[in-house]
Amino acid sequence: MVKARLKPGDVVDGFLIEDIAHNGGMARIWTVSRPDVDFPILMKVPVIGEGDDPAAIVGFEMEQMILPRLSGPHVPRFVANGDFATLPYIVMERLPGTSLYPLLERLPLPPEEVAAIGAKVAVALDSLHHQHVVHLDLKPSNVMFRESGEAVLIDYGLARHIHLPDLMDEQFRLPYGTAPYMAPEQVLGTRSDFRSDLFALGVMLYFFSTGERPFGDPQRLKGLKRRLWRDPLPPRARNAAIPPALQEVILRCLEVNPAWRYPSAAQLALDLQDLSAVKLTARAEKMKRDPFSVVVRRRFNPVTIETVKPRAAEAQLANAPIVAVAVDLAAGAPDLAEAMRKTVARIVENTPDARIACINVLKINRIAIDTSLDEEGRNKHVLRLVALRTWSTGLPAPGGGITFHVLEAVSPADAILEYARENHVDHIVMGARAESAMRSMLGSVSGEVAAHAPCTVTVVRSRPAAQ
Amino acid sequence: MLVAVLSDIHANREAFEAVLAAAEAAGAERFVLLGDIVGYGADPEWCAERAMALAVQGAIVLRGNHDEAVGNPSVSMNPTATLALEWTRRQLGAETRAFLAALPLEAREGDCLFVHADASAPADWNYVLDADDADRHLAACSARVSFCGHVHKPALYCTAPGGRITPFVPVAATPVPLLPQRRWLAVMGAVGQPRDGNPAAAFALYDTENAELCFLRVAYDVERAAEKIRAAGLPASLAERLARGR
């Protein structure tokens, strides 16, 4: 391997080396440019010397393998890989601003800010997980933001692509990760469970909202393993300003057993975007750590960790879709309502961790000053919510819970589409409006939704009686 | 260059045709057949002739244990394979028999090695079933990337100098970059008798430009291939296992 010592002004494979941006123990980062690349870029060059941690090299190989396979707004754009035989490097998009790391100077943050940051990171994780990648090193210094607001996850040196060989696995006996943020199953060596990233995000949310790390910063394996049996002090015991719903979300992320966490990052994002819809359990009200006797029992009789093998990881994720059920309460056709409920019931049966969002659009006038702000309007909204709940009676309970939303909009189709896009909905279920003069005049809402939806759409019809 | 690597065709004409068509559609410029062209299936003569034609066009065609056993009765086989082999011998013409007998056991091209079974003793027909077997294979050859078959289940092993072997079960249609600073052993699935639970014919495309290997599966007319096996009077288990992919 050629040990090139780069300096400003050098040109490597057409990239002009400009300034050193970061001089880390594992890698040097240079700002670079190339005439054909019209966005800011940087070059990451691993520091490889004798006696260096071999994991650093493998991590760099993993990043070279994974980054070119990622796309979308939540990852830095990949530009080029340098050959190990000459000079290993990765050139990628340089993001503006700083990571979340400087935030640690002003903790605790207000709960709303914590939830807002958490929601953005969860959306980014959802995008990553749908590209078959577990990050496995989520922490404040690995989260950046675009000017448009999206969170961007950086540093794929410890990541695992479920469809590619894992060079980290087998190679090293010690678990790799960043001590405060590592999920219990990761401490035990599992590198294929998407929910490990949800644990790390839970640690971030806990840290941001309390100013303390839930499991400290252990330096040895023994200390790392403590999180398998010792629960953290509940966040509200550290900061009374934290609402029960946020504590519910944080402690659910920090569950030792991955199966008790959120089944998907998208479902976690939904809860963080609207804390009022979070279903509260005993976690929300917990004010003390578990009593000594419980901890001792857990120490010698550990919590079962229901983690998944690479092959099952995607099936686990696919079992947890977000399903939006658009209910037209005005249609009043009992057969159609029944057919819709049956369809939803079948979805819950097949994907038991689904999250069901029942939505109804309350049409408002385009120009006239609407009554929605007055007493009558509020009543309308509440009545619709009540009607939605009534409509859903008898539906089987999905693992991800069921929520109700009344959207006020001029165009029902636009409102449904916007809801689906914003909430990363996987599947829309809606009824077809019956044949009528109204439909031929206004067009079909389901037709428009089906044409433009970012996901699967099921249009339900009740079969007419034979003529 | 895009190289199509096929192994264990096993006289399954339907699977062989489907794989060749898929490889050609994907733009394959070169073919490598890792052996076991005949045995088990109902179309040994057709498959051997097709392999001959490919060899004339420049394909690398290697000898597998079933190809060897056609002319060498001392190759030991299980009872079902032996029955199939006796039937196969009667189907093959003199020309194809000579072709099979003359095939090489291994071939080296650039930094790639092609062989039917474990490279440490190609004529012993040892299986590469796990990381230890892969280690033995990689220790015995110097090629950076090597390909074998014989197992009928796709797998990919890699190692860094002094490092341990990382085993991996490939995901179909996902290109894997064979990182240049590592050595790799790709075990092909079977074209004509898959045994990994997926009845679709298996093969792989290797892009020598960027060292990316893509394992692929192709659906084929399993029913027809199975029906021909039954009609030929070959053991019924050979027909049944095609539909199960086991």
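Overview of values
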| quantity | calculated |
| --- | --- |
| Peptide A:59-69 - average C-beta neighbours from other chains (10 Å radius) | 2 |
| A:Asp335-A:Glu418 FRET efficiency (beta carbon distance; Förster radius 30 Å; 0.05 resolution) | 0.55 |
| DSSP beta bridge pairing in chain B, given as percent antiparallel to the nearest 5 | 65 |
| With eigenvalues of the C-alpha gyration tensor scaled by 5 and rooted, the stretch B:2-244, Å | 28, 19, 17 |
| Extreme residue, positive dipole direction of the protein assembly as shown, given options B:Ala102, B:Tyr40, A:Leu388 (C-beta unit charges) | A:Leu388 |
| Neighbour-count order for A:Glu448, B:Glu86, fewest beta carbons within 10 angstrom listed first | B:Glu86, A:Glu448 |
| Binned Cα-Cα distances of the stretch A:11-93, short to long, each 10 Å bin given as a whole percent | 17, 51, 29, 3 |
| Spin-label pair B:Ala98/A:Ala451, simplified geometry with 7 Å Cα→Cβ offset, distance in nm | 6.9 |
| Neighbourhood charge, 11 Å Cβ-Cβ cut-off, centred on A:Met92 and excluding it, Lys, Arg +1 and Asp, Glu -1 | 0 |
| Under 14 Å, Cβ to Cβ, from A:Gly9 - net charge with Lys/Arg +1 and Asp/Glu -1 | -1 |
| Cβ-defined net charge surrounding A:Phe292, 13 Å radius [Lys, Arg +1; Asp, Glu -1] | +4 |
| Estimated FRET transfer efficiency when R0 is 35 angstrom, pair B:Met77-B:Ala107 (beta carbons, to 0.05) | 0.90 |
| Net length gained if the chain between A:Lys288 and A:Glu408 were fully extended (0.36 nm per residue, minus Cα distance) | 39.0 nm |
| Candidates B:Ala200, B:Ala25, B:Ala140, ranked by Gaussian network fluctuation over chain B, Cα under 10 Å, top entry | B:Ala25 |
| Ranked list, fewest to most other Cβ atoms within 10 Å of each Cβ, for A:Ser127, B:Ser142, A:Ser276, A:Ser33 | A:Ser276, B:Ser142, A:Ser33, A:Ser127 |
| Contour excess over end-to-end distance, with Cα ends at A:Val303 and A:Ser148 and 0.36 nm allotted per residue | 51.6 nm |
| Rg ratio (alpha-carbon, reference 2.2 N^0.38 Å) - the stretch A:103-316 | 0.96 |
| Theoretical FRET efficiency, 1/(1+(r/R0)^6), r = Cβ-Cβ of B:Ala53 and B:Ala26, R0 25 Å, to 0.05 | 0.80 |
| Likely footprinting exposure, B:Thr88, B:Thr166, fewest C-beta neighbours within 10 Å first | B:Thr166, B:Thr88 |
| Spherically averaged projected area in nm², based on the convex hull that wraps the Cα atoms of the stretch A:81-154 | 6.5 |
| Per residue, the convex hull volume that the Cα atoms of the protein assembly as shown enclose (Å³) | 224 |
| For the stretch B:2-244, size of Cβ-based charge dipole, Lys and Arg +1, Asp and Glu -1, in debye | 260 |
| For chain B, built as a Gaussian network whose Cα springs stay under 10 Å, the top-fluctuating residue of B:Met188, B:Met77, B:Met52 | B:Met77 |
| Lys, Arg +1 and Asp, Glu -1 on Cβ, resulting dipole of the protein assembly as shown about Cα centre, debye, nearest 20 | 2260 |
| Extension gain (nm, one decimal) between A:Trp260 and A:Glu212, 0.36 nm per residue minus Cα-Cα | 15.0 nm |
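Where a number appears in this text, it was derived from the coordinates with a stated rule and is not lab data. From a predicted model like this one, the values you see are computed outputs, not experimental measurements. So basically every Cβ, Gly included, is an ideal-geometry build from the backbone, and we count neighbours across all protein chains shown.
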